[in-house]
1. How many residues does the stretch 103-129 hold that are under 23 Å from the mean Cα position of the chain (by Cα) and either surrounded by 15 or more Cβ atoms within 10 Å (Cβ to Cβ) or within 21 Å of Tyr167 (Cα to Cα) (or both)?
2. Mind listing whichever residues of the stretch 7-33 are under 31 Å from the mean Cα position of the chain (by Cα) and of a type in the set (S, T, N, Q)?
3. Would you confirm, using the coordinates I've provided, whether Leu275 is under 16 Å from Ala208 (Cβ atoms) and at pLDDT 95 or above?
4. So Asn206 passes all but one of these: (1) more than 30 Å from Leu164 (Cβ to Cβ); (2) surrounded by fewer than 18 Cβ atoms within 10 Å (Cβ to Cβ). Which condition number does it fail?
5. Against the conditions (1) assigned to a helix (DSSP H, G or I); (2) among the polar types (S, T, N, Q); (3) surrounded by fewer than 20 Cβ atoms within 10 Å (Cβ to Cβ), where does Ser254 fall short? Just the number, please.
6. Pick out the one residue from Met104, Met110 that is within 30 Å of Gly33 (Cα to Cα) and in contact with a Cys (Cβ under 9 Å, 6 or more places away or on another chain).
7. Residue by residue through the stretch 105-118, note down the ones that are out of contact with any Lys or Arg (no Cβ under 8 Å at 6 or more places or on another chain) and either in a helix (DSSP H, G or I) or within 25 Å of Ala168 (Cβ to Cβ) (or both).
8. Where residues in the stretch 264-303 are in contact with an Asp or Glu (Cβ under 9 Å, 6 or more places away or on another chain) and in contact (Cβ under 8 Å) with a residue 40 or more places away in the chain, which of them is farthest from Arg228 (Cα to Cα)?
Amino acid sequence: MTDVVEISPQSWEYRLVAAVVYAVEQRAGGRGGPRTRWNGRVLEETDPENLGSAHADGSISVSVANVLDQLRKARDLDRPLTDDEAWLLRDAMDTLTHEAAHLMAPGGDMTAPEAYPYDDAAAASDEGRVEQWTKRNLDNIISDVFTDAGLDKVEAAVLAQPGLDAYAAFTPAARLLDRALAERSGLTSAQVTQKLLCADDAQRWNVAVDLVIDEHLAEPGLMPESHRAEVRKQLVAPLRESLSVLAAVEGDESLGSDQKAEEGTKAAQNAIAGLDSALNRIERKYRIDNAQRARQQAQRPASRVNQAVRRAQGNLPPDLKRLRALTAPQAPASGATRRPVEATDHAPVEQGEGSRPRGQQATRPTGGPRQPHSPQRD
């Protein structure tokens, strides 16, 4: 077993690494945002195949020969850098930034509910996203730390160098996936990348699909919150399945960078298509179910509604019941006949010969003895 060698905290190299970690923290987490889980230890990288590593305990290991020595030599150089030297410095800073960015993610609890293992699919997504974030922010990180580190005289030459993806298949896949998540969540691609960069390793898949769930399914009355865990599973599944093939692609030395990038793009497209298919199926089901429930409620029998009203009236407080009794209309006595005001007791008279039309005033005869009628003779 190789002994662990720790870089002295009093050294220039340690201070440079610490400055990079702090710059990454500020760029990725922002003021008052997430902090890295760096434990303050910088170790010498013992694997000759690796330029650097971020460890589960929060420490960083860095290749002394290929990273730290290159930066120290540039600090002490009294001549302009060659293009090759400038490119090596950029690659060294890329390594430090990449490993520091890994530490923005909290250590995941693989035994927690809904946790996912750090398998091939997770590695493809994580490494690709960290590399994407690094490429997007590397120039700023270099500018943040070079002056205080005494490297300001070589800064322009380093910034002029092109970048190189360390993960030719992973990076385009993560870039395309984050862009798709942004389009389906209302966020920018940079915001999605930052959220997932700082997400718990074991929960990162859930955080990714939550962005889509919150935009499409979380409206009031659509998806019950108790269904979220199951919906997450259905949306995560096509992402993991599609990206899991990229580990073999990335490790295939017979493939060139362009071929790996093409495979990475294809895998991401398959992942997005699977996500969309699952999302559309789930959303359609919820909307149809909700429409059916609304229609059934609208068609409830009126008697059920009346029963509900009567039950509500029966549950009135005593004070309201007495008030309701006092203000209710009084029913007529038994046997009484209700009539309109000013009605007469006379039955209507049929009009015949010599009768008066209704409404015509009658003339009463004046008082005095009446004359008897004489019988009329034939």
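1. So the first thing to find is which residues in the stretch 103-129 are under 23 Å from the mean Cα position of the chain (by Cα), and the list is 104-110, 112-118, 121-129.
Filter once more, so that each one left must be either surrounded by 15 or more Cβ atoms within 10 Å (Cβ to Cβ) or within 21 Å of Tyr167 (Cα to Cα) (or both): 104-106, 108, 115-118, 121-129.
Result for the stretch 103-129: 17.
2. Gln26
3. Details: under 16 Å from Ala208 (Cβ atoms): yes; at pLDDT 95 or above: yes.
In short, yes.
4. (2)
5. (1)
6. Values: Met110 fails: in contact with a Cys (Cβ under 9 Å, 6 or more places away or on another chain).
It is Met104.
7. The answer is Pro117, Tyr118.
8. Within the stretch 264-303, the first condition is being in contact with an Asp or Glu (Cβ under 9 Å, 6 or more places away or on another chain), and the residues that meet it are 264, 270-271, 274.
Add one more test, that the residue is in contact (Cβ under 8 Å) with a residue 40 or more places away in the chain, and what stays is 264, 271.
Working: Gly264: 29, Ala271: 20 Å.
Within the stretch 264-303, the match that is farthest from Arg228 (Cα to Cα) is Gly264.
The values are calculated or read from the model by the stated rules, or taken from the named source; none is laboratory data. Note that the structure is predicted; figures quoted are calculated from it, not measured. Don't worry about glycine lacking a Cβ; one is built from the backbone with ideal geometry, like all the others, and counts go over all protein chains shown.
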